[in-house]
Amino acid sequence: MTAHDERDLVRQIEGHLLLAAAREEGRTAAVRLSSRLGWLTDSQREDVQGQFEAEYLALARLSWHRTAERARELRQAYESRYRALRRRLLACCVLGCAVLAAAVLLVVVFAAV
């Protein structure tokens, strides 16, 4: 198994654990909500709990997708900024080397005179 395969496996496991936790949170919230509605029959309570859990999970997934999209946007912005800073640093280093070479050349020329 390669390192890439291991990372993918860890991501899949994390995804399953995250989904299981979200489902459990949804179930817990659904039970809390339906327990306040004492007039519901058992079948109505189960239906409300199922719909609430499904809606909770859908909202969680939407939130995850928005977070992932924002992370991609930030990554692109930071990578772009990093590339610009790296180019600027390289330009400064090249300029510094050119100035240093010119200074050495002038010293050599004036020392010979």
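The values are calculated or read from the model by the stated rules, or taken from the named source; none is laboratory data. Given the structure is predicted, the values throughout are model-derived calculations rather than measurements. Glycine also receives a Cβ, built like all others from the backbone with ideal geometry; neighbour counts cover every protein chain displayed. The area values use the complete protein model at the heavy-atom level, side chains included, leaving out ligands, DNA and RNA. Shrake-Rupley method; radii C 1.70, N 1.55, O 1.52, S 1.80 Å.
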(Q) Tell me whether segment 52-113 comes out rounded, prolate or oblate; compute the Cα gyration tensor, take square roots of the eigenvalues as a ≥ b ≥ c, and use a/c under 1.5 as the rounded threshold. (A) prolate
Q: Please work out whether segment 24-71 counts as rounded, prolate or oblate from its C-alpha gyration tensor, where a ≥ b ≥ c are the square roots of the eigenvalues and a/c under 1.5 means rounded, while otherwise a/b larger than b/c means prolate and anything else oblate?
A: prolate
(Q) Over the Cα atoms of the chain, what radius of gyration and what Dmax do you get, in Å? (A) 30.6, 107
Q) What FRET efficiency comes out for the pair residue 70/residue 24, r = Cβ-Cβ distance, R0 = 30 Å, nearest 0.05? A) 0.70
Q: Show me 47-60, 15-28 ranked by packing, highest mean number of other Cβ atoms within 10 Å first.
A: 47-60, 15-28
(Q) For a protection proxy built on the mean count of beta-carbon atoms within 10 angstrom, sort 90-98, 105-113 highest first, please. (A) 90-98, 105-113
**Q.** Cut-off 13 Å between beta-carbons: net charge of the residues surrounding residue 24, Lys and Arg +1, Asp and Glu -1
**A.** +1
Q.
Treating only the Cβ of Lys, Arg, Asp and Glu as charged (+1, +1, -1, -1), what charge dipole size does the chain show about its Cα centre? Round to the nearest 20 debye.
A. 780 debye
Q) What accessible area per residue comes out for the chain, rounded to a whole number of Å², with a 1.4 Å probe? A) 84 Å²
Q.
What are the ³J(HN,Hα) couplings of segment 5-22, residue after residue, when phi is run through the Karplus curve with 6.51, -1.76, 1.60 and θ = phi - 60°? Round to Hz, x for glycine and proline.
A. 4, 5, 4, 4, 5, 5, 4, 5, 5, 4, x, 5, 5, 5, 5, 4, 5, 5
Q: Place +1 on the Cβ of every Lys and Arg and -1 on the Cβ of every Asp and Glu in the chain, take the dipole about the Cα centre, and give the residue among 107, 18, 71 whose Cα lies farthest towards its positive end.
A: 107
